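What follows is a short report on a single structure.
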Amino acid sequence: MSGGRKGGRMKLAEEVRLLRRGRDWRGRAPAPRSAQPWQEVPQSRPFPTEWARTPLAIAARKVAFDGILRTVTWSQTRPEIHGADVLDELRGPVVFVANHASHLDTPLILGSLPVRIRNRVAVAAAADYFFDARWRAVATALTFNAFPIERRGSGGALDLASELLQDGWSLLIYPEGTRSTDGWARRFRMGASLLCRDQGVPAVPLVLRGTYQAMPRGGFWPKKGRPVVSVRYGKPLDPDPDESTSAFNARLEDEMGRLWVEHDEDWWTSLHAPDRRRAPRGPDASEWRRKWESTRPEAPSSSHHRIWRRR
């Protein structure tokens, strides 16, 4: 009996030691060793970009962008600008809305704008990519007059965008939220449409073609041979007073699709294309086929059809 009681006491003492070491009575840890105690994650402070809109920064940007980046873009590719006459009548701030497939997109768009408009455009850039390191944040803000925007949604980012519009700055926004992985467009998020409706400013839709073929995602220099790239501007769209954000967003997507069809066909066909909103999203095919289609080199406009396509 005494031996049994002694053995029982030893077993109980071992179990107590296990529990004190954070293990259960079978010797197993109740939580993985890698588990860390919960801690509140502090809210990250957005990178300040007000300095990028000061007269000194604007002067430096003219050197960095006009003197270097635009020159490189225009010398390494063959940009074609269509519909730029709609920009002649722009007065006051607007929201430029474009599809996004390449790092070429922003310098191509800004370089295609008249200087009077370009100097008053701020670019929405992904906070987790362009503003994750201080050196990259400074370079992005200075070169493009960019401001950070959270891709996962943030009221603060829209607040800053609203303030910029109220201060007379136009915005360049890519409503897909990221660059395309296969060259085709994805559905638009609501941010740009919400800004237009809340601030009472028009959206200027524009379609980029050839940039994915010229410098796809993962590339940092245009391909050899000066590939053709193009920007096609559409007429400004104003939100109707009783129009919902989703309805205006759908109308904006529809106009982007029309511009896409106009590039491939002609203006008349684009007006009557029943599936024009589907056009920028590419064929329902496998990934390799979609990439193959989107990397087809663009033909120069001199070899394109005219507005009225010949049959």
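The values are calculated or read from the model by the stated rules, or taken from the named source; none is laboratory data. Just so we're clear, the structure is a prediction, and the values are computed from it rather than from any experiment. Glycine also receives a Cβ, built like all others from the backbone with ideal geometry; neighbour counts cover every protein chain displayed. Side chains are part of the model used for accessible areas, which takes the heavy atoms of the whole protein and leaves out ligands, DNA and RNA. Shrake-Rupley method; radii C 1.70, N 1.55, O 1.52, S 1.80 Å.
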Worksheet, complete the sentence: Rounded to the nearest 10 Å², the 1.4 Å probe accessible area of L142 is 50 Å²
Worksheet item: In square angstrom, rounded to the nearest 10, how much accessible surface does E253 have for a 1.4 Å probe?
Response: 20 Å²
Practice prompt. Tell me which residues come under 5 Å, amide H to amide H, from V94 once H is placed; ignore anything under 5 positions away on its chain.
Written response: S170, L171
Practice prompt. Using the heavy atoms of the protein chains and a 1.4 angstrom probe, tell me the accessible area per residue for segment 50-294 in square angstrom.
Written response: 46 Å²
Worksheet item: Which net charge results when you count Lys and Arg as +1 and Asp and Glu as -1 among the other residues whose beta-carbon is under 14 Å from that of L142?
Response: +3
Worksheet item: Carbon and sulfur atoms: what percent of the 1.4 Å accessible area of segment 50-294 do they account for?
Response: 54 percent
Worksheet, complete the sentence: Applied in sequence order to segment 165-171, the curve 6.51 cos²θ - 1.76 cosθ + 1.60 (Karplus, θ = phi - 60°) yields integer Hz couplings, x standing for Gly and Pro, of 4, 5, 7, x, 8, 7, 10
Worksheet item: Computed FRET efficiency, Cβ-Cβ of D159 and A84, R0 35 Å: what is it to the nearest 0.05?
Response: 0.65
Discussion item. For Cα pairs less than 8 Å apart in space and 6+ apart in sequence, what is the mean separation divided by the residue count of segment 50-294, i.e. the relative contact order in percent?
Written reply: 25 percent
Practice prompt. Which order do the peptides 172-183, 57-68 take when ranked by the mean count of other beta-carbon atoms within 10 Å per residue, highest first?
Written response: 172-183, 57-68
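Under 13 Å from the Cβ of P79, count the other residues' Cβ atoms, weight Lys and Arg +1, Asp and Glu -1, and hand me the total. All intermediate terms of the calculation are to be shown ahead of the outcome.
On the way: positive: R70, R78, R209, R226, R232; negative: E80, D105, E298.
Result for the neighbourhood of P79: +2.
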Item to complete: Show which aspartates and glutamates lie in cross-link reach of K235 when reach means a straight Cα distance below 15 angstrom and same-chain residues fewer than eight apart are skipped.
Response: D85, D88, E89, E253, D254, E255, E262
Practice prompt. Let me know the whole percent of all Cα-Cα pairs from segment 50-294 that are separated by more than 34 Å.
Written response: 11 percent
Worksheet entry | With all protein chains modelled, accessible area of F220 [1.4 Å, Å²] | 150 Å²
